[in-house]
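Reading through the structure tokens given below for one structure.
Read the figures in this text as sums done on the coordinates, not as results from a lab. Remember, it's a predicted structure, so these values are computed and weren't measured experimentally. Every residue, glycine among them, receives a Cβ derived from its backbone with ideal geometry; neighbour counts consider all protein chains shown.
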């Protein structure tokens with residue numbers, strides 16, 4: 001028995017005989033003594049991280065090392081900052097007073113070399129997009145979403161319209177209002193997880 005932190009459906013990954021990598025639990029009193037860390041895609045053979053919460057740590061590395069050119073001019077950032085009734089993953093700031101609200105999403109679903117998000121219906125994610133849209137359209141602040149592919153076999157990201165059409169519609173609506181969408185490809189394997197390079201984002205699913 002192992003704890004699974006990723007709440008997605010993972011049907012394409014959890015198949016018979018798929019290799020998995022488990023980590024021992026840090027708390028000896030926890031009910032499950034193992035945590036499911038990685039699963040290997042049976043088709044592409046790429047390792048896939050099962051710990052969506054690591055996406056924010058990867059995003060922090062990208063911001064600190066200024067690996068994503070559209071965001072490298074921002075001078076400082078804070079994590080987990082509230083705005084009205086919402087809490088966003090990052091707030092980027094400049095001494096001039098400019099602000100950029102950034103939400104981070106972890107991508108594990110694959111269609112050939114395309115990463116799709118979400119892999120399960122996410123009303124919370126849709127509401128985040130609509131709030132970012134309002135921020136960009138009415139407050140004079142900037143807003144963006146950063147998709148992190150916690151697997152190295154993806155080369156672009158798009159909405160999973162067939163899974164959550166409401167999220168896909170909100171993504172297109174946010175894009176029209178000025179919300180920027182970025183994606184970064186990461187490598188995940190038993191030695192660790194690390195960012196690799198920026199990849200494109202499509203605001204609609206390819207036909």
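Cα convex hull, segment 1-133: 159 Å³ per residue, rounded to a whole number.
Test of understanding: what is the full-extension gain from residue 43 to residue 138, defined as 0.36 nm times their sequence separation minus their Cα-Cα distance?
Here the answer is 29.7 nm.
Axis angle, to the nearest 10 degrees, between helix 54-64 and the longest C-alpha principal axis of the chain: 50 degrees. Taking every alpha-carbon pair under 8 Å whose residues sit at least 6 apart, the chain reaches a relative contact order of 17 percent. The long axis of helix 123-138 is offset from the longest Cα principal axis of the chain by roughly 20 degrees. Between residue 205 and residue 120, the simple label model (points 7 Å from Cα in the Cβ direction) yields a spacing of 1.8 nm. What the Cβ-Cβ distance of residue 95 and residue 197 gives, at R0 = 25 Å and to the nearest 0.05, is a FRET efficiency of 0.25. Evaluated on segment 44-199, the Kirkwood hydrodynamic radius is 15.8 Å, with distances taken between all distinct Cα atoms. Gyration tensor over the Cα atoms of segment 93-148: the corresponding equivalent ellipsoid has semi-axes (square roots of 5 times the eigenvalues, largest first) of 27, 14, 8 Å. The simple spin-label model puts a point 7 Å past each Cα toward its Cβ; for residue 20 and residue 57 those points are separated by 2.0 nm. As a calculated quantity, the FRET efficiency between residue 87 and residue 189 at R0 = 30 Å, using C-beta atoms, amounts to about 0.45.
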